[in-house]
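Participant: Pasting a structure below so you can have a look.
The values are calculated or read from the model by the stated rules, or taken from the named source; none is laboratory data. Predicted model only: the values in this text are computed from it and were never measured. Neighbour counts run over all protein chains shown; Cβ positions are idealised from the backbone, glycine included.
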Amino acid sequence: MKKILHNKLFIALFILILLPFLLYYIAFYSTLLIGQGELTNEVYSPNSQYVAKVYRVGDEGGLRVDVNTGLFGSERLIYWSWKETEEKVEWLDDTHIKINERVLDVRSEKYDKRTMD
């Protein structure tokens, strides 16, 4: 009986400690709550290995750019920002893309305004 109470107390404390960290992660790092938006442009890399899909999200000028990773046709969010009126997207070479004056290596980098500014 005492062991069951101890286990329940441990689980409750674990949840109370883990829950704030989980909520913080979802709010500031996860892309789970970011909508897909309306597709406005597709820009192919010079060698056509990558395609950057540009989306407009919401009424506040959210800009989302996803790039295919090549693994089973999946896409990875590489750029997320809000209150941006421009959507200048151009490839500099086969792996580097310039999005509104920010240069990213699509293989490893991303820009998320929630955590970068």
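Participant: Select from segment 73-117 the residues that are in a loop (DSSP other than H, G, I, E, B), among the basic types (Lys, Arg) and touching a Lys or Arg at 6+ places or on another chain (Cβ under 8 Å) and write down the one among them that is modelled with the lowest pLDDT.
Facilitator: Only one residue fits best here, namely 110.
Participant: From the residues in segment 1-50 that are in a helix (DSSP H, G or I) and not hydrophobic (A, V, I, L, M, F, W, C), which one is modelled with the lowest pLDDT?
Facilitator: 25
Participant: Got at least one residue in segment 77-100 being farther than 22 Å from residue 46 by Cα, polar (S, T, N, Q) and under 14 Å from the mean Cα position of the chain (by Cα)?
Facilitator: Yes, segment 77-100 contains a residue that is farther than 22 Å from residue 46 by Cα, polar (S, T, N, Q) and under 14 Å from the mean Cα position of the chain (by Cα).
Participant: A further question on this structure: Quick one: is residue 37 on the phi > 0 side of the Ramachandran plot, in contact (Cβ under 8 Å) with a residue 24 or more places away in the chain and within 15 Å of the chain's Cα centre (by Cα)?
Facilitator: So residue 37 passes the test.
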